[in-house]
Structure formats: C-alpha cells, structure tokens
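Undergrad: My structure is below; once you've seen it, I'll send some questions.
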Amino acid sequence: MSGIVVLISGRGSNLRSIVEAGLPVAAVIANQADAAGLTFARGRGVPTEVLEHRAFDSREAFDEALAAVVDRHAPRLVALAGFMRVLTAPFVVRYAGRLMNIHPSLLPAFPGLHTHTAALAAGVKVHGATVHFVTPELDRGPIVIQAAVPVLPGDDADRLAARVLAQEHVIYPRAIEWFLAGRLAVSGGTVTVTGRREAQLVFAPAVAA
C-alpha cells in the first residue's frame, strides 16, 4: 500500500490543502464529473477518476464499484474531502482503520448537513471542525483532531463556514501526516498520537472572516 486516495464531490478545497502539504496523493476520485477539485488535481499531475453515482441503481452497487476503483490504487488511507455520499456499512468496514473524514462541526455536536446553520440556531459560542475515522454510524467515529473557532457577533452561516474551513485546511493534513507516520493509536474509541508534540485541539484566533 502507498499513498492516499481522496474522494471528492465538489470544489476540493481540502484536497488542495492535502496536496499543498506535500502528502502523497495517489488518486482523486469524484462522484460528480464537474467537480472542480478534479481540475485542480489534474493540474498537479494527480491521477483522477470519475464514478457517477447516478449511473447505479442502488447505494450498495455504487459503493461496490467505488471500492473496486479505490483498490486499484492500493492506498494506505482513503480520505473523504467533501464527498457528499453516505457510505454503506460494507464499504466502511472494508477500509476500517484507514478511512478518514473531515466534518464541519465539533463532533459529536451537529452531525450531518447544515452544521453552521444549526450551530447558529443553537446559540453556541464555539464551533469548529473535526477529523475522525469513519465508522458505520454517521459522524460518530473516533476523533483524531479538532479545531475550535469562536462564533462572533453578526455571524451568518457563510461567515462562520469560512472561518471553520480555514481551520479544516490546517487540521486535515496534520491528521493525515500522523496516520502515514504510524503515530495514531485507537483504543476504546479514543485516538492518541504517539510521541505527540502537537495538540489534538487547535484554537483559532477570534478574528472575523
């Protein structure tokens, strides 16, 4: 096994942060042919593939085909980077311990979609992003690293999302570096970093986006 396979659906901003961190991306796979992240990857000489989920009759059939494409690249890690599909349990189990995702909230708060709107509606004072290992239970896998950002007066979902996204670009490459270096250990649902020098919780400065 070597490198990372990154799964995307759209602009690929987290993909960009991974590539620009110098991490070994073996391939980028998108479920949307017009995903902007594909253009970025091709411009950097990263192999790309498109597997349209609409071409399949079921979620299970798509995930089986997706696994076949992923396996051709024999990755050490599969990284979800804005991949807007809920993966089936067999797919998740197939890559157990080497399937990672970044989610735009401080899990376990606000799983699923529309996290920034939900955070504002809840009146929280701190929001953020989480890198976690993927398990069959949506957004409930062991947490690798989180970044916290303040919710500022006058924030709307877009302003808050921009502030969170900037931190996603910091913590996702860091989590992947830890994984590739063999520094992550999971016990009882808790992730620790061996020989840790860096914090697993990053606090962003209280500046407006």
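The values are calculated or read from the model by the stated rules, or taken from the named source; none is laboratory data. Note that the structure is a prediction, hence the values are computed from the model and not measured. So basically every Cβ, Gly included, is an ideal-geometry build from the backbone, and we count neighbours across all protein chains shown. We work out accessible area using only protein heavy atoms, side chains counted, and drop any ligands, DNA or RNA first. Shrake-Rupley method; radii C 1.70, N 1.55, O 1.52, S 1.80 Å.
Undergrad: Under 6 Å by Cβ, and 6 or more places apart or on different chains, what pairs join a residue from the stretch 143-167 that is more than 19 Å from His132 (Cβ to Cβ) with one that is of a type in the set (A, V, I, L, M) and not in a loop (DSSP other than H, G, I, E, B)?
TA: Arg163/Val149
Matching residues to (1) part of a helix (DSSP H, G or I); (2) in contact with a Phe, Trp or Tyr (Cβ under 7 Å, 6 or more places away or on another chain); (3) without any contact (Cβ under 8 Å) to a residue 40 or more places away in the chain:
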| position | (1), (2), (3) |
| --- | --- |
| Met1 | no, no, no |
| Leu23 | no, no, no |
| Ala33 | no, no, yes |
| Ala68 | yes, no, yes |
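Undergrad: Arg183 passes all but one of (1) within 18 Å of the chain's Cα centre (by Cα); (2) among the basic types (Lys, Arg); (3) open to solvent by less than 40 Å² (accessible area, probe 1.4 Å); which number fails?
TA: Here Arg183 meets the rest and fails (1).
Undergrad: Which residues, taken from the stretch 47-67, are open to solvent by 50 Å² or more (accessible area, probe 1.4 Å) and over 18 Å from Val134 (Cβ atoms)? Steps first, please.
TA: Within the stretch 47-67, the first condition is being open to solvent by 50 Å² or more (accessible area, probe 1.4 Å), and the residues that meet it are 47, 50, 52, 54-57, 59-60, 64.
Listed by number, the residues that qualify are Pro47, Val50, Glu52, Arg54, Ala55, Phe56, Asp57.
Undergrad: Another one. Determine which single condition Ala162 fails, assuming it passes every other condition in (1) open to solvent by 40 Å² or more (accessible area, probe 1.4 Å); (2) part of a helix (DSSP H, G or I); (3) under 30 Å from Ser58 (Cα atoms).
TA: (3)
Undergrad: May I ask you to list the residues in the stretch 186-197 that are surrounded by fewer than 13 Cβ atoms within 10 Å (Cβ to Cβ) and either touching a residue at least 24 places away in the same chain (Cβ under 8 Å) or among the small types (Gly, Ala, Ser) (or both)?
TA: Ser187, Gly188, Gly189, Thr190, Gly195
Undergrad: Within the stretch 104-114, can one find any residue that is in contact (Cβ under 8 Å) with a residue 12 or more places away in the chain and outside any loop (DSSP other than H, G, I, E, B)?
TA: no
Undergrad: Determine whether the stretch 22-43 contains at least one residue that is of a type outside the set (Val, Ile, Thr), closer than 19 Å to Ala181 by Cα and buried (at least 18 other Cβ atoms within 10 Å of the Cβ).
TA: Step one: list which residues in the stretch 22-43 are of a type outside the set (Val, Ile, Thr), which gives 22-24, 26-27, 30-38, 40-43.
Those still in the list that are closer than 19 Å to Ala181 by Cα too: 22-24, 26.
Subsequent filtering for residues that are buried (at least 18 other Cβ atoms within 10 Å of the Cβ) retains 23, 26.
Scanning the stretch 22-43 turns up at least one residue that is of a type outside the set (Val, Ile, Thr), closer than 19 Å to Ala181 by Cα and buried (at least 18 other Cβ atoms within 10 Å of the Cβ).
Undergrad: Quick one: which of Leu113, Leu99 is buried (at least 19 other Cβ atoms within 10 Å of the Cβ), closer than 22 Å to Gly12 by Cβ and not aromatic (Phe, Trp, Tyr)? Walk me through how you get there before you give the answer.
TA: On the way: Leu113 fails: buried (at least 19 other Cβ atoms within 10 Å of the Cβ).
Unique residue meeting the criteria: Leu99.
Undergrad: Do you know which residues across the stretch 166-180 are open to solvent by 30 Å² or more (accessible area, probe 1.4 Å) and in contact with a Pro (Cβ under 9 Å, 6 or more places away or on another chain)?
TA: Leu180
Undergrad: Okay, moving on. Can you tell me which of Ala79, Ala74, Ala148 is modelled with pLDDT of 95 or more, within 20 Å of Gly189 (Cα to Cα) and not in a helix (DSSP H, G or I)?
TA: Numbers: Ala74 fails: within 20 Å of Gly189 (Cα to Cα); Ala148 fails: within 20 Å of Gly189 (Cα to Cα).
Of Ala79, Ala74, Ala148, the one residue that is modelled with pLDDT of 95 or more, within 20 Å of Gly189 (Cα to Cα) and not in a helix (DSSP H, G or I) is Ala79.
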